[in-house]
Amino acid sequence: MCQTLTTARPDRKTLNQGQNWISPPKRLALYMRDSYGCCYCGRGVEVEGVVLTLEHIVPYSKGGALLDPNNLITACRSCNSARGNKALTTFVKANAEKWGRNADCILSYIRRHRAMPINTKASKAMIEERGSCRKVLDIVVQGDPIK
């Protein structure tokens, strides 16, 4: 009988958690790509109380790539927590009406944005100029036109 070698994926808890699992320039570049807003509900960083996070399209727990920009989109903390590891289409279709949006439009938006390149060079320059990813987001909230 043939033996199959399996390579175990590291447990996510053993990896860096919080905001540290991805570099600040890459995180900011993803937020920029997604127009500083949640790809699900559409609320942006300028809305009081909205905290942006990065959401894995294919959850890490189901084999999704941890750091691949094509597997990451911007989501508010509320939507990211609500989704958990549910299938993307199932989650969007179940919640689109609550968000006042069309499910097919949301899914199309996500497909388009996943395919867009990220600009880590620009995000790195903004972070160097302003001091941190958080400070860049604070400027966006204040309405400073950052492109």
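Odds and ends about this structure:
- Pairs, first closer than 15 Å to Ala29 by Cβ in the range 128-146, second of a type in the set (D, E, K, R) and modelled with pLDDT of 90 or more, C-beta under 7 Å, six or more apart: Cys133/Arg27; Val136/Arg130
- Residue that is surrounded by the most Cβ atoms within 10 Å (Cβ to Cβ), among those in the range 36-53 that are under 18 Å from Ser132 (Cα atoms), touching a strand residue (DSSP E or B) at 6+ places or on another chain (Cβ under 6 Å) and of a type in the set (A, V, I, L, M): Leu52
- Candidates Arg101, Arg112 - the one that is farther than 21 Å from Lys135 by Cβ, among the basic types (Lys, Arg) and touching a Phe, Trp or Tyr at 6+ places or on another chain (Cβ under 9 Å): Arg101
- Total residues in the range 39-98 satisfying the condition of being in a helix (DSSP H, G or I), among the charged types (D, E, K, R) and more than 16 Å from the chain's Cα centre (by Cα): the figure is 4.
- Candidate set from the range 126-147 (those that are part of a helix (DSSP H, G or I) and not aliphatic (A, V, I, L, M)); member that is surrounded by the most Cβ atoms within 10 Å (Cβ to Cβ): Cys133
Residue-by-condition table, conditions (1) of a type in the set (S, T, N, Q); (2) under 19 Å from Pro59 (Cβ atoms); (3) in contact with a helix residue (DSSP H, G or I) (Cβ under 6 Å, 6 or more places away or on another chain):
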site: Asn71; (1), (2), (3): yes, yes, no
site: Ala94; (1), (2), (3): no, yes, no
site: Val136; (1), (2), (3): no, no, yes
site: Ile139; (1), (2), (3): no, no, no
site: Gln142; (1), (2), (3): yes, no, no
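- Criterion (modelled with pLDDT of 95 or more, over 22 Å from Leu28 (Cβ atoms) and of a type in the set (Gly, Ala, Ser)) met by exactly one of Gly100, Gly84: Gly100
- Condition check for Arg101: among the charged types (D, E, K, R) and either touching a residue at least 12 places away in the same chain (Cβ under 8 Å) or outside any helix (DSSP H, G or I) (or both): yes
- Qualifying residue in the range 13-35 (condition: buried (at least 18 other Cβ atoms within 10 Å of the Cβ), modelled with pLDDT under 90 and either closer than 14 Å to Val136 by Cα or among the β-branched types (Val, Ile, Thr) (or both)): no
- Only one of the listed residues (Ser123, Ser108) is of a type in the set (Gly, Ala, Ser), buried (at least 16 other Cβ atoms within 10 Å of the Cβ) and either in a helix (DSSP H, G or I) or at pLDDT below 95 (or both). That residue is Ser123.
Table: residues versus (1) surrounded by fewer than 14 Cβ atoms within 10 Å (Cβ to Cβ); (2) farther than 19 Å from Tyr109 by Cβ.
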site: Glu55; (1), (2): no, no
site: Pro59; (1), (2): no, yes
site: Lys62; (1), (2): yes, yes
site: Asn71; (1), (2): no, no
site: Thr74; (1), (2): no, no
site: Ala82; (1), (2): no, no
site: Thr89; (1), (2): yes, no
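The values are calculated or read from the model by the stated rules, or taken from the named source; none is laboratory data. Model, not experiment: these values are computed from the prediction. Here the Cβ is made from the backbone with ideal geometry for all residues, glycine too, and neighbour counts use every protein chain on show.
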